[in-house]
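All of the numbers you see were taken from the coordinates with simple rules; none came from a lab. If you're wondering where the values come from, they're calculated on a predicted model, not measured in any experiment. Neighbour counts are summed over all protein chains in view; Cβ atoms, including those assigned to glycine, are modelled from backbone coordinates with ideal geometry.
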Amino acid sequence: MTTDAVEYAERHTAHNYHPLPVVIADGEGAWVTDIDGKRYLDCLAGYSALNFGHRHPVLIEAAKAQLDRVTLTSRAFIHDQFGPFCEELAELCGKELVLPMNTGAEAVETAIKVARKWGYQVKGVPQNKAKIIVAENNFHGRTTTIISFSTDEDARADFGPYTPGFEIVPYGDLAALTAAIDENTVAVLLEPIQGESGVLVPPPGYLAGVRAVTSANNVLFLCDEIQSGLGRTGRNFAIEHTGVVPDMYLLGKALGGGVVPVSAVAANRDVLGVLKPGQHGSTFGGNPLACAVGRAVVGLLRTGEYQARAVDLGKQLHAGLEDLVGHGILAVRGQGLWAGIDIDPALMTGRQACEKLMDLGVLVKDTHGSTIRLAPPLVVTGDEIDLAVERLRTVLG
Ligand SMILES: Cc1ncc(COP(=O)(O)O)c(C=O)c1O
């Protein structure tokens, strides 16, 4: 029974999450089934890690084939999936090199280390003076360095002392960002759409302005596409909609196809080439299983099918949600199959909306009080999008 299983799941773990009381036993495509046999439309999709749905047959096949060959070598040796994965992902990104890691936070840490080393070795910044500019309300992960530049007190409080070397500016404010750049600034690190803070899309011209000002000042533009990238918004990268090409892409989540954790950074040789043996690494980063699944993910993205679905179904989703504005919803934001929805706090909290939706067989997750986020897998159908919107309409009364 679900109630027993919820209690059991909480009994022997730290309570660092507040999950909805659903205990999932199976998943296929856009749907999951709980231990009592009830089905739910998964409209969170592992925070975009499941862009291709649960157990996409191509990805499961790639994983199974690799399980039968070799799963781990460590980077002490080279394996036959590594070269092809790096080449194929680099090509997808339009960059010369990639460096695979595991979690999103590790990709962010990699980007920070590379930017600092580039600053000292290429830009000529004095030792220990490198500055990286980040945005208010960012979410880049949970390591001690990353939470050092978070503006979310829950993420930061009691985890100090904090890593220095970051300056926080308001998101979307080009003048503030420009004013923060000085001769020691090595990088600007941004999400092209802020996911965790409620799917916040920056004002038109902002990302192009960031590109112009970073280029003019010999500052790297590091674009965190860990949640926004790999098809979610209708392109490989959310920043592509603006025509901007950053110096580095940070990827994760969907890169592992919801099967294994795979992350990576992609950049040209003049940037990633600063790393030499012994200066960075990970036992599991770029392992054979990860590379095999990652190659299959890149293969799916090359078809363009998932990006096209995100565009078409995204229009349908946003049209449906716009209809609810003024009827229990204060605002809707987003792009492609990604929406941040501000529930009228007079009606209910985001958490209450999620619980009611769960009862009606739709899984979503709240963020920051009254906002809920919809990010269904890109394999969802039009009928399923309509179902999710209708269920939300019911919940809002
Ligand atoms: C934009 C962004 N960057 C980084 C991360 C961290 O990824 P991970 O949880 O895999 O460390 C997340 C996770 O939600 C994210 O949304």
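For the residue pair Thr33 and Ala208, what label-to-label distance in nm results when each label sits 7 Å from Cα along the Cα-to-beta-carbon direction?
For the pair Thr33/Ala208, the computed spacing is 5.0 nm.
Give, in nm to one decimal, the length gained when the segment between Thr381 and Arg156 is fully stretched (0.36 nm per residue of separation minus the Cα-Cα distance).
Details: separation 225, 0.36 × 225 = 81.00 nm, distance 3.91 nm.
So the chain would gain 77.1 nm between Thr381 and Arg156.
With θ set to phi - 60°, apply the Karplus curve 6.51 cos²θ - 1.76 cosθ + 1.60 along the stretch 307-322 and write out the HN-Hα couplings as whole Hz, x wherever there is a Gly or Pro.
5, 5, 4, 4, 5, 5, 5, x, 4, 4, 4, 5, 5, x, 6, 4
Only sites in a loop by DSSP and with at most 16 other Cβ atoms within 10 Å count here; which trypsin sites (Lys or Arg not before Pro) in the stretch 202-260 make the cut?
none
For the chain, with a Gaussian network of springs between Cα atoms less than 10 Å apart, report the residue from His368, His15, His327 with the top mean-square fluctuation.
Looking only at His368, His15, His327, the biggest GNM fluctuation is shown by His15.
Can you classify the stretch 123-185 as rounded, prolate or oblate using the Cα gyration tensor, where a ≥ b ≥ c are the square roots of its eigenvalues, rounded means a/c under 1.5, and otherwise it's prolate if a/b beats b/c and oblate if not?
oblate
Just how large is the dipole of the stretch 272-377 about the Cα centre, in debye to the nearest 20, putting +1 at every Lys and Arg Cβ and -1 at every Asp and Glu Cβ?
Dipole size: approximately 580 debye.
What chymotrypsin sites (Phe, Trp or Tyr not before Pro) in the stretch 24-115 are in a loop by DSSP, with at most 13 other Cβ atoms within 10 Å of the Cβ?
Within the stretch 24-115, the qualifying chymotrypsin sites (Phe, Trp or Tyr not before Pro) (loop, at most 13 other Cβ atoms within 10 Å) are Phe77.
State the number of lysine pairs found in the chain whose Cα atoms come within less than 13 Å, restricting to pairs 8 or more positions apart or on distinct chains.
Close lysine pairs under the 13 Å cut-off: 7.
Report, in degrees rounded to the nearest 10, the 0 to 90 angle that the Cα long axis of helix 288-302 makes with the longest principal axis of the chain.
Compared with the principal axis, the helix lies near 70 degrees.
Calculate, for Ala319 and Ile60, the FRET efficiency according to 1/(1 + (r/R0)^6) with r their C-beta to C-beta distance and R0 35 Å; round to the nearest 0.05. Please report the intermediate quantities before stating the final value.
Working: r = 33 Å, r/R0 = 0.95.
Once the sixth-power term is evaluated, E becomes 0.60.
Quick one: 3J(HN,Hα) in Hz for the stretch 52-66, Karplus 6.51/-1.76/1.60 with θ = phi - 60°, rounded, Gly and Pro as x.
Computed from phi, the couplings for the stretch 52-66 are 9, x, 6, 6, 4, x, 5, 6, 5, 4, 4, 5, 4, 4, 6 Hz.
Please compute the net charge surrounding Ala45, taking Lys and Arg as +1 and Asp and Glu as -1 over other residues with Cβ under 14 Å from its Cβ.
Every neighbour counted, the sum reads +3.
At 7 Å along the Cα-to-beta-carbon direction for both Asp26 and Asp312, put a label point, then send me their distance in nm to one decimal.
Label at Asp26, label at Asp312, 2.8 nm between them.
Quick one: among Gln307, Gln127, Gln335, which has the greatest mean-square fluctuation in a GNM of the chain with alpha-carbon springs under 10 angstrom?
The residue with the greatest mean-square fluctuation here is Gln127.
Search the structure for amide H atoms under 5 Å from the amide H of Trp31, placed 1.01 Å from N in the peptide plane, and list their residues when 5 or more places away or on another chain.
Asp42, His54
From the phi of every residue in the stretch 249-260, what ³J(HN,Hα) in whole Hz does the Karplus formula 6.51 cos²θ - 1.76 cosθ + 1.60 yield, where θ is phi - 60° and glycine or proline is x?
9, 10, 10, x, 6, 4, 4, x, x, x, 9, 9
May I ask for the angle, rounded to the nearest 10°, between helix 382-396 and the longest principal axis of the chain, with both axes built from Cα atoms and the value confined to 0 to 90°?
Between helix and principal axis, roughly 70 degrees.
About its Cα centre, how strong a charge dipole does the chain have in debye, to the nearest 20, once Lys and Arg get +1 and Asp and Glu get -1 at the Cβ?
So the dipole magnitude of the chain works out to roughly 1060 debye.
Have a look at Leu41, Asn128, Gly83 and report the one farthest towards the positive end of the charge dipole of the stretch 1-130, computed about the Cα centre with Cβ charges (Lys/Arg +1, Asp/Glu -1).
Positive-end residue among those listed: Asn128.
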